[in-house]
Amino acid sequence: MKGWGWLALLLGALLGTAWARRSQDLHCGACRALVDELEWEIAKVDPKKTIQMGSFRINPDGSQSVVEVPYARSEAHLTELLEEICDRMKEYGEQIDPSTHRKNYVRVVSRNGESSELDLQGIRIDSDISGTLKFACESIVEEYEDELIEFFSREADNVKDKLCSKRTDLCDHALHISHDEL
């Protein structure tokens, strides 16, 4: 009977490791999809569109301390996007990398709403996947809202890697494959 205890312990350790990797794949994929969606939405906004920021109180000299900032990367716009962006996770499916056996999440509906132009071979699409991905996205938005707004309020290169790997550790540093490279 002593041998069964070790076997149970080994099995528990293996299952725990597999669950942790699955969870990391999910949260990493949700973060990377979230970044893709935010970048897409920001790029759609007319760069000439601005919003007034600052104090609306009148100074003693009669002036106001109001500045106009680009709307696309304003805190107001980013906050609005973060409230609804995780609904887009229903447009993603799960793909398992044949060499690493790690899960990746890829867009299965094109930006214009059609799926015919995308190669969907080897991609699992169902409500469980999209629901789990949406929940992971919402968790990320809730926990890292300030970081998301900070990163997207100014233009930056490699936001996926900087935010999802370095700043939040949602992706391990070995997973720098973007969805575009799949």
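Overview of values
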{"read-out": "Label zone at D169, where the point sits 7 Å out along the Cα-to-Cβ direction: segment 24-50 residues whose backbone N lies under 19 Å", "value": "24-32"}
{"read-out": "Value in Å of the Kirkwood radius, where segment 24-167 supplies the Cα pairs that are averaged", "value": "16.9 Å"}
{"read-out": "Nonlocal amide H pairs with R73, under 5 Å, H built at 1.01 Å", "value": "none"}
{"read-out": "Pair D119, S65: separation of 7 Å Cα→Cβ label points (nm)", "value": "5.6 nm"}
{"read-out": "Contour minus Cα-Cα distance for D128 and T50 (0.36 nm per residue)", "value": "24.1 nm"}
{"read-out": "Solvent exposure, largest accessible area first (probe 1.4 Å, DNA, RNA and ligands not counted), of E39, E143", "value": "E143, E39"}
{"read-out": "Heavy-atom accessible area order for I42, I96, largest first, 1.4 Å probe", "value": "I96, I42"}
{"read-out": "With all protein chains modelled, accessible area of D128 [1.4 Å, Å²]", "value": "110 Å²"}
{"read-out": "Candidate lysines for bridging to K90, where Cα separation is under 27 Å - those fewer than 8 sequence places away on the same chain excluded", "value": "K44, K103, K134, K160, K162, K166"}
{"read-out": "Share of carbon and sulfur in the accessible heavy-atom surface of segment 24-167 [1.4 Å probe, %]", "value": "47 percent"}
{"read-out": "Listed residues S165, S23 arranged by accessible area, highest first, probe 1.4 Å", "value": "S23, S165"}
{"read-out": "Whole-angstrom gap from segment 30-89 to segment 123-168, using each part's C-alpha centre", "value": "18 Å"}
{"read-out": "Heavy atoms of I51: accessible area, 1.4 Å probe, square angstrom to 10", "value": "40 Å²"}
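The values are calculated or read from the model by the stated rules, or taken from the named source; none is laboratory data. Keep in mind it's a predicted model, so treat the numbers as computed, not measured. No Cβ is skipped: glycine too gets one built from the backbone with ideal geometry, and neighbour counts run over all protein chains shown. Side chains included, ligands, DNA and RNA excluded: accessible areas come from the protein's heavy atoms. Shrake-Rupley method; radii C 1.70, N 1.55, O 1.52, S 1.80 Å.
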